[in-house]
Amino acid sequence: MSGALALPFFQDALVAGLLAAVACGVIGSYVVVKEIASISGGLAHAAFGGVGLGYLLGFDPMLGAVGFGLASSAGIGLAYSQHRRGLETLISMVWAVGMALGVLFIAMAPGYAPDLTAYLFGNILLVSPTYLVLAGVLDVAILASATLLHRPLQAMAFDEEFAEVVGVPVRLLLLLLLALTALTVVLLIRVVGVILVIALLTIPAAAARPWARTLPRMMVLATLLGGASSVVGLWAAWWLSVGPGIDLPTGPLIVLVSALLYGVSWAARSLTAAGDA
């Protein structure tokens with residue numbers, strides 16, 4: 001791997017993966033504890049509509065993804081706070097409509113149809129210095145929110161009804177959480193793509209949960225697992241490329257490594273429980 005570390009693009013990709021792991025570790029823990037993984041999937045696919053709009057109108061597609069993601073998170077959050085029924089139906093509609101709009105906008109864009117592989121499956125090897133700066137800013141915002149609002153966010157995530165009874169502003173906190181989730185989703189589009197975002201957002205946190213008795217510990221462990229997945233996935237893609245000469249997309253490899261770590265975590269926890277019994 002030392003040879004790969006000498007390459008500037010690999011260095012940027014490694015930093016991007018580690019920055020993404022921080023966002024995934026924190027936000028993914030909230031998503032797993034509150035059991036709103038389907039919302040993160042809906043936001044990811046809704047963001048694709050913004051990608052298509054960017055191509056159609058000629059601005060940065062990632063800016064469109066941010067706009068669509070934030071708008072969708074606000075809509076879903078307000079609908080959930082008011083009704084709390086039919087949420088899965090709403091998420092499915094946002095999921096499908098976002099993808100449909102993205103495809104239509106891209107089809108309407110003048111000139112040749114762009115290659116969507118980087119948005120569907122990610123391309124971490126092409127991240128820019130600007131992306132790294134924005135990812136760092138997002139990580140700081142997420143960590144600051146999780147630190148300053150730790151108790152109310154934890155109460156809202158574990159027991160929303162109790163949080164409301166004790167005076168926690170659940171609706172505002174839910175909107176904040178969904179907004180941060182939407183921004184994390186957009187960040188991960190460059191790493192693993194729209195299709196695989198939900199996996200990287202939830203698998204490290206799910207693998208960490210059985211080994212952590214507190215939410216902060218779960219976040220730390222999820223971040224470490226996400227970082228390990230990014231490093232190993234990047235190294236595997238590079239090794240396959242320079243060794244056997246097999247060019248594989250990095251995003252899916254990162255997700256598969258993450259799934260493997262989840263399997264190891266589950267097996268180890270099962271063996272530990274059997275030994276205790």
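The values are calculated or read from the model by the stated rules, or taken from the named source; none is laboratory data. Note that the coordinates shown come from a computational prediction; the quantities given were computed from them, not determined experimentally. Cβ: placed from backbone, ideal geometry, glycine included. Neighbour counts: every protein chain shown.
Key figures for this structure:
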read-out: Among residues of the stretch 29-49, those that are farther than 20 Å from F68 by Cα and either part of a helix (DSSP H, G or I) or touching a Pro at 6+ places or on another chain (Cβ under 8 Å) (or both), counted; value: 5
read-out: The stretch 188-222, residues that are among the hydroxyl-bearing types (S, T, Y) and over 12 Å from the mean Cα position of the chain (by Cα); value: T214
read-out: Set L196, L183: member being at pLDDT 90 or above and either assigned to a helix (DSSP H, G or I) or of a type in the set (D, E) (or both); value: L183
read-out: Top-ranked residue in the stretch 228-252 [being closer than 14 Å to G122 by Cα and in contact with a Phe, Trp or Tyr (Cβ under 9 Å, 6 or more places away or on another chain); ranked as modelled with the highest pLDDT]; value: L234
read-out: Qualifying residues in the stretch 116-130 (those that are within 13 Å of L248 (Cα to Cα) and among the aliphatic types (A, V, I, L, M)) - the one modelled with the lowest pLDDT; value: A118
read-out: Whichever residue in the stretch 23-35 is surrounded by fewer than 24 Cβ atoms within 10 Å (Cβ to Cβ) and hydrophobic (A, V, I, L, M, F, W, C) and, among such residues, is nearest to T184 (Cα to Cα); value: V32
read-out: Residue in the stretch 3-11 that is part of a helix (DSSP H, G or I) and surrounded by 22 or more Cβ atoms within 10 Å (Cβ to Cβ) present; value: no
